[in-house]
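Chemist: Quick one: this structure, given as structure tokens, is what I'll be asking you about.
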Amino acid sequence: MKLKGTVNDPRMQRRYRAEKRFRLYAMSAVLLALAFLIVFFADIISQGYSAFYRTEVQATINYNDRVEMGDYRAAVSDEIRTVVSRGMLRNLPREVRDNPDLKGTSETSWMPVKGEIDQYRKGHVDSLDEELLASVQRLDEAGRLGFAPNWAFFTNGDSKLPELAGIGAAVVGSVYLLGITLIVAFPIGVMTAIYLEEFASDNWLTQTIEVNINNLAAVPSIIFGLLGLAVFINFFGVPRSSALAGGLTIGLMTLPIIIISTRAALRAVPDPVRMGAFAMGCTRWQVVRDHVLPVSLPGILTGTIIGLAQAMGETAPLILVGLIAYIQAPPTDITSAATVLPAQVFTWAGMPQTAFAEKASAGIIVLLTVLLSMNAAAVFMRRRLERRW
Amino acid sequence: MQMNKTATIAISALVSLGAATTAQARDQIRIVGSSTVYPFASYVVEEFGATTDYSTPVIESTGSGGGLKLFCEGKGANTPDITNASRRMKPSEYKRCEENGVTNITEAKIGSDGIVVAQDARDGNLELTREQILLAVAKKVPKEGKLVDNPYNNWSQIDSSLPDREIEIYGPPATSGTRDAFEELVMGAASKGMSGYDGHYTTVRGDGPYVPSGENDNLIVKKIQQNTDALGVFGYSFLDENRDTVDAATIDGVEPTSQNISAGDYPVSRSLWFYVKNAHIGTIPGIEDYTKMFMSELMIGGDGLLKGEGLIPLPAAEREQWRKKVANRETVKLSDLK
């Protein structure tokens, strides 16, 4: 006999089945998202990891008269010349002229080879020019070719020679840009939030401001690029392509994020804290400074870090203010030309040579690592430092 | 009063940031312009930075039109010194330059570039004419004396000699300079000689067979490797880098080789240029040495370094002629551009 309202009741069982099905759907959604993520990471890492090492050749450089005259090709033997990166040789005439002591000496060291040979040895391309292939095989058998860690990838700037291209200049540019973003957006954002949350009365004006700030956070970033171009570059005359132009533009973009998260952090502070302080005769400013701000600081910093992480990966507005450009050297001050990490990845992704595809993936790996550690820092702060009430 | 101090510092920092930005004379050359010339120019820029005492120029890829717009905005350190272009300056652009006081401009032709129609290498040979390509990609085609919406979905419908394959072409989007050149050199040129079109016709169909595929030519190369039925339209340098996997169609019977493009035999080729603002020579250091390096045999010569990057060199006599023009800082005149 089936009883109503028990597990044996068919209606009850139908409801249980429905719940089971729903759980299954929800779970498969999670699994699908996870699968996408894993495929993405696997793809990027498998394409990019090989950029962290490179092929080097043992070469002897002779600092002779002809090198001093500008014929850098005379510095090495014919065989080495076809293999070694031209970027290692073209500076030699200047070096000899700058250091006359070098003349007549020779030096043996390991140097990067041309990008195409490197790609061939890594198995990314299957063919090489026949003569070149013969030289490579001869050198390989003689033990004069080998893989070495590619530190230059982290220290060099961009280059048209893939074997010399690196993210060094872009990383410095990113640091400059984030620094300016922080200087601009953090004080203005936090002060705006404090005023709106603690001082302003709730009237139509503050409500309008609030609605607008929430809207600004959702405005497409390219709009901020247009604004930056019109206001900072065309009106204030900030130099194009500079970290300052980029930082101010990105700062504007980050501002609403910081305001919103700061307000949320301030709101999380329970009112009895304020009441208690008022009861002791504190002014509003003292309440904010000594009681509300200290306990909400972890929340504010978390929001700031997340805002900066977003700023770090931003590219679209920077196209308009000229940071997507061929810039080799790291910026020396905030007004000199700079490029940033995502811009560097963007540039490499459009190059015809396969060696740059590898570099682009490696750049993404670095970018993701930085973003993950920033977000991890934010999570850590929230967990460890935030007070629970 | 701690917070007050911080606020004061923040505000004064902002103010001084603003003050520090008044434009000063640069010590870096600034270059803008065509994304087609960009890989060649950035190669020269790097070489220039590495082998001379000048600081490395800054080069931005803005497209030919965008570059000339910035270039013609006026004189002074906040305008670019050089702009690259994958077409010649238009008379309207010259006039705009003139209105803004940029009158002393030297023109330099550096070489040529071809646009290829390619497919996966496993597909065999393909011979096309510009008329056939036009009929495959045009929005409207002439039929019985009238222009009708393009009915062709298979190459064999256009001409029985063509393979029985669906028409599927991955090509550059409307914003691209390569697309401009493709429209001009293939569609425009073919439609002029065809009855039914009223002269120049360059509207591309939007009903599926032509797929605009983004500015990234690598993507188009990848797509035609995956979809062997499809054709791709992209720049010659990308063909050169992928010779082992993709194969270009002959157009009007001419193969897109370096020689054929350089000689002007291959119909879908264009010249590449840069323009120098002579008023900046003397104020911005290095402009003359940079242009000299760019025009040198080492770079644009028959066996020059840029050939390895996919540039198609000019014939020797023409190189010599342009090298002289640049060295003498000859001023381009409106009559030259027409």
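Chemist: With a 4.7 Å Cβ cut-off, tell me which Cys residues in the protein assembly as shown come up empty for a partner.
Modeler: So, A:Cys282.
Chemist: Have a look at the range A:168-385 and give its Rg and Dmax from the Cα atoms, expressed in angstrom.
Modeler: 19.7, 71
Chemist: If you average 1/r over all unlike Cα pairs in the range A:80-130 and invert the result, what Kirkwood radius do you get in angstrom?
Modeler: Working: mean 1/r = 0.0773 Å⁻¹.
Radius from the Kirkwood sum: 12.9 Å.
Chemist: Report the net charge of residues surrounding A:Arg274, where surrounding means a beta-carbon distance below 14 angstrom and charges are Lys +1, Arg +1, Asp -1, Glu -1.
Modeler: Working: positive: A:Arg267, A:Arg284, A:Arg289; negative: A:Glu197, A:Glu198, A:Asp271, A:Asp290.
Summing Lys and Arg as +1 and Asp and Glu as -1 gives -1.
Chemist: Can you pull a Stokes-Einstein diffusion coefficient for the range B:241-338 at 4 °C (1.567 mPa s), Rh from Kirkwood over Cα pairs, as a whole number of µm²/s? It would help to have the intermediate numbers written out before the result.
Modeler: On the way: Rh = 15.6 Å.
Rounded to a whole number, D works out at 83 µm²/s.
Chemist: With every protein chain in place, what's the accessible area of A:Phe154 (1.4 Å probe, Å², nearest 10)?
Modeler: Here the residue's solvent-accessible area equals roughly 90 Å².
Chemist: Counting only protein heavy atoms and using a 1.4 Å probe, what share of the accessible area of the range A:83-211 belongs to carbon plus sulfur, as a whole percent? The partial results should precede the final answer.
Modeler: Numbers: 3540 of 6370 Å².
C and S fraction of accessible area: 56 percent.
Chemist: Here's another thing I want to ask about it. Roughly how tilted is helix B:2-19, in degrees to the nearest 10 and between 0 and 90, from the longest Cα axis of chain B?
Modeler: Its long axis makes an angle of about 70 degrees.
Chemist: Which whole number gives the average, over all residues in A:352-361, of C-beta atoms from other chains lying within 10 Å of the residue C-beta? Don't jump to the answer; show the numbers that get you there.
Modeler: Working: counts 14, 6, 3, 0, 1, 2, 0, 0, 1, 0.
Average neighbour count from other chains, rounded to a whole number: 3.
Chemist: Now for a separate question. Quickly estimate the mean residue ellipticity at 222 nm for chain A, helices only: each DSSP H run with n ≥ 4 gives -39500 (n - 2.57), and the total goes over all residues, rounded to 500. Numbers along the way, then the final one.
Modeler: Numbers: 18 runs with 236 residues, N = 389.
Using -39500 (n - 2.57) per qualifying helix, the result is -19500 deg cm²/dmol.
Chemist: Which semi-axes, in whole Å and largest first, does the equivalent ellipsoid of the range A:128-264 have when worked out from the alpha carbon gyration tensor as the square roots of 5 times its eigenvalues? Display every interim value, and only then the final one.
Modeler: On the way: eigenvalues 515, 53, 32 Å².
They are 51, 16, 13 Å, listed largest first.
Chemist: If you count, for each residue, the other Cβ atoms within 10 Å and average over each peptide, how do B:62-73, A:117-128, A:294-305 line up from highest to lowest? Walk me through the numbers before you get to the answer.
Modeler: Values: B:62-73: 22.2, A:117-128: 17.2, A:294-305: 20.4.
For the peptides B:62-73, A:117-128, A:294-305, the packing ranking is B:62-73, A:294-305, A:117-128.
Chemist: Kindly state, to the nearest 0.05, the FRET efficiency for A:Asn212 paired with A:Asp129, given R0 = 60 Å and r defined as their beta-carbon distance.
Modeler: Numbers: r = 62 Å, r/R0 = 1.03.
In this case the efficiency is close to 0.45.
Chemist: For the range B:187-265 and the range A:339-357, what is the centre-to-centre distance using only Cα atoms, to the nearest Å?
Modeler: 24 Å
Chemist: Quickly rank B:108-115, B:201-208, A:277-284 as a protection proxy: mean count of other C-beta atoms within 10 Å, highest first. Kindly include the intermediate steps, with their values, before the conclusion.
Modeler: On the way: B:108-115: 23.6, B:201-208: 14.8, A:277-284: 12.1.
Put in order of decreasing packing, that is B:108-115, B:201-208, A:277-284.
Chemist: When N is the residue count of chain A, what does its C-alpha Rg come to as a fraction of 2.2 N^0.38 Å?
Modeler: Working: Rg = 29.4 Å, N = 389, 2.2 N^0.38 = 21.2 Å.
Against the empirical 2.2 N^0.38 Å value, I get 1.38 for chain A.
Chemist: I've got another one for you. In nm, to one decimal, how far is the B:Thr51 label point from the A:Leu34 one, both placed 7 Å along Cα→Cβ?
Modeler: Placing both labels 7 Å beyond Cα along the Cβ direction yields 5.7 nm.
Chemist: Over the residues of the range A:327-389, compute the C-alpha Rg and express it relative to 2.2 N^0.38 Å. Please list the in-between numbers first.
Modeler: On the way: Rg = 17.2 Å, N = 63, 2.2 N^0.38 = 10.6 Å.
Dividing the Cα radius of gyration by 2.2 N^0.38 Å gives 1.62.
Chemist: Solvent-accessible area per residue for the range B:114-269 at a 1.4 Å probe radius, Å²? Intermediate results must be reported in sequence, preceding the final value.
Modeler: Values: 6930 Å² over 156 residues.
Roughly 44 Å² per residue, with all protein chains present.
Chemist: Residues of A:329-340, mean number of Cβ from any other protein chain within 10 Å of their own Cβ, rounded to a whole number? Numbers along the way, then the final one.
Modeler: Values: counts 5, 0, 0, 1, 1, 3, 7, 5, 9, 1, 1, 0.
Averaged over the peptide's residues, the number is 3.
Chemist: Divide the volume of the convex hull of the Cα atoms of the range B:114-269 by its number of residues and quote the answer in cubic angstrom per residue.
Modeler: Values: hull volume 16.0 nm³, N = 156.
Convex hull volume per residue, Cα atoms: 103 Å³.
Chemist: While we're looking at this one, here's another question. Counting DSSP beta bridges in chain B, what percent are antiparallel, to the nearest 5? Don't jump to the answer; show the numbers that get you there.
Modeler: Values: 28 of 41 bridges.
Around 70 percent of the beta bridges assigned by DSSP in chain B are antiparallel ones.
Chemist: For the pair A:Arg81 and B:Asn100, how long in nm is the line joining their label points, each one 7 Å along Cα→Cβ?
Modeler: Label at A:Arg81, label at B:Asn100, 4.6 nm between them.
Chemist: Another question about this same structure. Please grab the % of Cα pairs in the protein assembly as shown that end up more than 33 Å from each other. Show your work: numbers first, answer last.
Modeler: On the way: 159675 of 263901 pairs.
Summing the P(r) of the protein assembly as shown above 33 Å gives 61 percent of all pairs.
Chemist: Ratio to report: Rg/Rh of the range A:55-148, with Cα atoms as the point set and Rh obtained by the Kirkwood method; give two decimals. If you can, show how the numbers build up before the last one.
Modeler: Working: Rg = 14.0 Å, Rh = 13.8 Å.
That ratio equals 1.01.
Chemist: Leaving out ligands and nucleic acids, note down the accessible area per residue over chain A with a 1.4 angstrom probe, in whole Å².
Modeler: On the way: 20020 Å² over 389 residues.
Counting only protein heavy atoms, the per-residue value for chain A is 51 Å².
Chemist: Pop a pseudo-label 7 angstrom from the Cα along the beta-carbon direction at both A:Asn64 and A:Ala42 and give the gap in nm to one decimal.
Modeler: Each label point is offset 7 Å from its Cα along the Cβ direction, giving 5.5 nm.
Chemist: On to the next question. Stretch A:Glu95-A:Thr332 to full length: gain in nm at 0.36 nm per residue minus the Cα-Cα span? Let's see the in-between values first.
Modeler: On the way: separation 237, 0.36 × 237 = 85.32 nm, distance 2.33 nm.
Computed gain between A:Glu95 and A:Thr332 is 83.0 nm.
Chemist: Give me the base-10 log of I(q)/I(0) for chain B at each q in 0.08, 0.11, 0.15 Å⁻¹, Debye formula, one uniform scatterer per Cα, rounded to two decimals.
Modeler: -0.46, -0.78, -1.21
Chemist: In addition: Where does the range B:182-303 land on Rg(C-alpha)/(2.2 N^0.38 Å)? Numbers along the way, then the final one.
Modeler: Details: Rg = 19.0 Å, N = 122, 2.2 N^0.38 = 13.7 Å.
That works out to 1.39 for the range B:182-303.
Chemist: Okay, next question. Please work out the Cα center distance from the range A:242-262 to the range B:39-59, rounded to the nearest Å.
Modeler: One Cα centre to the other: 32 Å.
Chemist: R0 = 60 Å: FRET efficiency of A:Asn203 with B:Thr245, Cβ-based, nearest 0.05? It would help to have the intermediate numbers written out before the result.
Modeler: Values: r = 67 Å, r/R0 = 1.12.
In this case the efficiency is close to 0.35.
Chemist: Take each of the peptides A:218-229, A:173-184, average the number of other beta-carbon atoms within 10 Å over its residues, and list them starting from the highest. Can you show the working numbers first?
Modeler: On the way: A:218-229: 16.8, A:173-184: 22.6.
In descending order of packing, they fall as A:173-184, A:218-229.
Chemist: Return a whole-number percent for the relative contact order of chain A, with Cα pairs under 8 Å and 6 or more residues apart as the contact set.
Modeler: Numbers: 544 pairs, mean separation 74.4, N = 389.
Dividing the mean separation by the residue count of chain A yields 19 percent.
Chemist: Still on this structure, please answer the following. Which residue, B:Lys143, B:Lys325, B:Lys292, tops the fluctuation ranking in a GNM of chain B built on C-alpha contacts under 10 Å?
Modeler: B:Lys143
Chemist: In deg cm²/dmol and to the nearest 500, what is the mean residue ellipticity at 222 nm of chain B if only DSSP H runs of at least 4 residues count, each as -39500 (n - 2.57), divided by the residue total? Mind showing how you got there, number by number?
Modeler: Numbers: 16 runs with 124 residues, N = 338.
The helix contribution divided over chain B gives -9500 deg cm²/dmol.
Chemist: Can you give me the C-alpha center-to-center distance between the range A:1-73 and the range B:278-308, rounded to a whole angstrom?
Modeler: 46 Å
Chemist: Just to be sure I understand: with springs between alpha-carbon atoms less than 10 Å apart, which residue in B:Ala249, B:Ala316, B:Ala190 has the highest mean-square fluctuation in the Gaussian network model of chain B?
Modeler: Of B:Ala249, B:Ala316, B:Ala190, the most mobile in the Gaussian network model is B:Ala316.
Chemist: Continuing with this model, one more query. Taking K and R as +1 and D and E as -1, what net charge do the other residues with C-beta under 14 Å from the C-beta of A:Ala243 add up to?
Modeler: So the surrounding residues net to -1.
Chemist: Quick one: among A:Ala264, A:Ala349, A:Ala26, which has the greatest mean-square fluctuation in a GNM of chain A with alpha-carbon springs under 10 angstrom?
Modeler: Judging by the Gaussian network model, the answer is A:Ala26.
Chemist: Now for a different question. Let me make sure I get this right: for the range B:32-117, a, b and c are the square roots of the gyration tensor eigenvalues over alpha carbons, sorted descending. Under 1.5 in a/c it's rounded, otherwise prolate if a/b > b/c, else oblate. Which is it? Intermediate values should be presented prior to the final figure.
Modeler: On the way: a/c = 2.14, a/b = 1.16, b/c = 1.85.
Judged from the Cα gyration tensor, the range B:32-117 comes out oblate (a/c at least 1.5, b/c at or above a/b).
Chemist: List the accessible area buried at the contact between A and B, summed over both sides and calculated with a 1.4 Å probe, in Å² to the nearest 100. Let's see the in-between values first.
Modeler: Working: alone 21570 and 16220 Å², together 34610 Å².
By this definition, chains A and B bury close to 3200 Å².
The values are calculated or read from the model by the stated rules, or taken from the named source; none is laboratory data. As the structure is a computational prediction, the values presented were derived from the model and not from experiment. So basically every Cβ, Gly included, is an ideal-geometry build from the backbone, and we count neighbours across all protein chains shown. These area figures cover heavy atoms from the full protein model, side chains too; ligands, DNA and RNA do not enter into them. Shrake-Rupley method; radii C 1.70, N 1.55, O 1.52, S 1.80 Å.
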